[in-house]
Amino acid sequence: MLGLLSNTNPDWVKLVDENLSIFISDHLYAEQKAASNGFSFVIQYPERTELIKKMGAYALEESEHFNWILDYMLKNEIELQKDQKSEYVNHLRRFFPKTKDRDDNFVNRLLLASLIEARSCERFTVFSKYTKHKELTTFYHDLIKDEVGHYKLFLNLAKVYQEKDMVTDKWQRLLIYEANYIEKMGKTALVHG
């Protein structure tokens with residue numbers, strides 16, 4: 001379904017269960033950053049009408065997820081932790097060198113967003129399956145459908161704005177790069193940790 005080349009070890013969920021406020025806080029911030037990224041696409045590429053329609057809807061949906069998570073935290077008196085920079089995201093960003101080609105940089109951003117959404121979906125799936133916090137099983141299971149949709153949205157947009165063979169080649173190389181990195185992860189309670 002997601003095409004990822006590695007899977008999260010379910011033992012990671014034990015770490016998350018023991019540090020739930022870190023995980024949920026990180027997820028809250030991730031939703032805020034995703035919404036911000038959607039708005040950023042709209043602002044930076046206003047000439048791409050099809051893109052801005054989809055990114056506007058995406059940003060609003062991610063904002064709704066932010067509110068769901070915040071409401072859950074407040075209702076369950078889960079302490080909001082400080083935001084932590086994502087080493088995962090920073091690592092992925094290093095894959096594509098910055099160029100003077102605006103269109104190429106744009107497609108690369110779409111591919112990075114797609115992969116982040118795919119890994120989030122995979123992590124939420126593992127968490128919802130193995131967590132001891134059963135009230136969160138349904139909550140996270142319900143988010144999975146949206147995350148899959150987001151992963152497909154970004155990947156399909158990349159294929160609209162760049163030749164499909166080139167996108168496929170970049171995507172496969174990015175998947176290998178990400179898989180090599182993620183296999184060493186699972187040591188923190190962060191969504192991509």
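Observations
- Estimated Rh, the chain: Kirkwood, alpha-carbon pairs, angstrom: 17.2 Å
- Over the stretch 92-166, the hull volume per residue, using the convex hull of the C-alpha atoms, is 91 Å³.
- Sequence-ordered 3J(HN,Hα) estimates for the stretch 127-142 from the Karplus curve with 6.51, -1.76 and 1.60 and θ = phi - 60° stand at 4, 5, 7, 10, 5, 7, 8, 4, 5, 8, 4, 5, 3, 6, 4, 5 Hz, glycine and proline given as x.
- Between 120, 108, 30, the Cα set farthest toward the positive side of the dipole of the stretch 4-128 (charges on each charged residue's Cβ, about the Cα centre) is that of 108.
- Violating pairs (Cα-Cα greater than 19 angstrom) within the set 14/85; 53/170; 14/187; 33/164; 152/187; 132/152: 14/85; 53/170; 33/164; 152/187; 132/152
- Cleavage-rule hits, GluC sites (Glu not before Pro), the stretch 1-69, DSSP coil, Cβ neighbours within 10 Å at most 12: 47
- Residue ranges 113-125, 68-80 sort as 113-125, 68-80 when ordered by packing (mean number of other C-beta atoms within 10 Å per residue, highest first).
- Net charge dipole, the chain: roughly 500 debye, given to the nearest 20, about the Cα centre with Cβ charges of +1 for Lys and Arg and -1 for Asp and Glu.
- Alpha carbon convex hull of the stretch 41-129, projected area averaged over orientations, nm²: 7.6 nm²
- Calculated from backbone phi, Karplus (6.51, -1.76, 1.60) coupling profile of the stretch 105-121 in Hz, x at Gly/Pro: 4, 4, 5, 4, 4, 4, 5, 4, 4, 4, 5, 4, 5, 4, 5, 4, 4
- Taking the fewest neighbouring Cβ atoms within 10 Å as the starting point, the ordered list for 26, 11 is 11, 26.
- Cα gyration tensor, the stretch 1-96 - rounded (a/c under 1.5), prolate or oblate: oblate
- Sorted fewest first by neighbouring Cβ atoms within 10 angstrom, 129, 100 come out as 100, 129.
Any read-out appearing in this document is the output of simple, stated calculations on the displayed coordinates, not a laboratory observation. All figures in this text were calculated on a predicted structure; none of them were measured in a lab. All Cβ positions, even for glycine, are placed from backbone atoms using ideal geometry, and neighbour counts span all protein chains on display.
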